[in-house]
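Take a look at the structure below.
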Amino acid sequence: MQDKSVDINSDDREIIEAFRDGSQSAFNILIQKYQKKVYWIVRKMVIDHFDADDITQEVFIKLHSSLSEFRGESKFFTYLYKIATNYSLNHLSKKKRETQRSTDIETIDIAADEKSSGELMDDSARTKLLEEAIGNLPEQQRAVFNMRYYDDLSYEEISQITNKSVGGMKANYFHAVKNIQKFLSSCKNKELMENN
């Protein structure tokens, strides 16, 4: 049987079929096509670049061994997203157990980035503050918030990825937003107290 020729523009199903037929280059195409996307899914969850890099490699190792099990009941990217999310959550749980530092995150000095005249913070300060707020969320809320806020996934897609109910995912997102608002508000109040 002749090996199907696939490239990065080929449909995912064709690439997967070629891999199942023994083409290692087909798997390399999947890596080329999705490595950056997977990296950023993971990075938004674990924050640290080196951890995200390691986990991304683990995701593709897992994918290589489990691709024969992919039945195509969902989109391939949903399947890959699920693996990336699970590995990220496992990493966060392990790290939490090892260090017990869920709230010991570096404090951002807002006053240095924001003038007392009430001018808006610059983009990098806002981004750092939001990252810190997301970093303080429980793992499940963090995962749902990232999927919804950054990746614009529907609750149905998030439900497929996490194997949880749509209602549960909506509740997680709602609580994540409330916790982020609470965190940002407490930072603002702390800054006001320090400036008085």
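Return yes or no: is Tyr81 within 21 Å of Leu137 (Cβ to Cβ) and within 17 Å of the chain's Cα centre (by Cα)?
Against the criterion (within 21 Å of Leu137 (Cβ to Cβ) and within 17 Å of the chain's Cα centre (by Cα)), Tyr81 qualifies.
Based on this model, can you work out whether Glu131 counts as in the same structural domain as Asp151 (by TED's automatic domain parsing), at pLDDT 85 or above and either surrounded by fewer than 19 Cβ atoms within 10 Å (Cβ to Cβ) or aliphatic (A, V, I, L, M) (or both)?
yes
Give me a count of the residues in region 48-92 that are more than 23 Å from Ser159 (Cα to Cα) and either touching a Pro at 6+ places or on another chain (Cβ under 9 Å) or not in a helix (DSSP H, G or I) (or both).
1
The values are calculated or read from the model by the stated rules, or taken from the named source; none is laboratory data. Just so we're clear, the structure is a prediction, and the values are computed from it rather than from any experiment. Note that each Cβ is placed from the backbone with ideal geometry, even for glycine, and that neighbours are counted across all protein chains shown.
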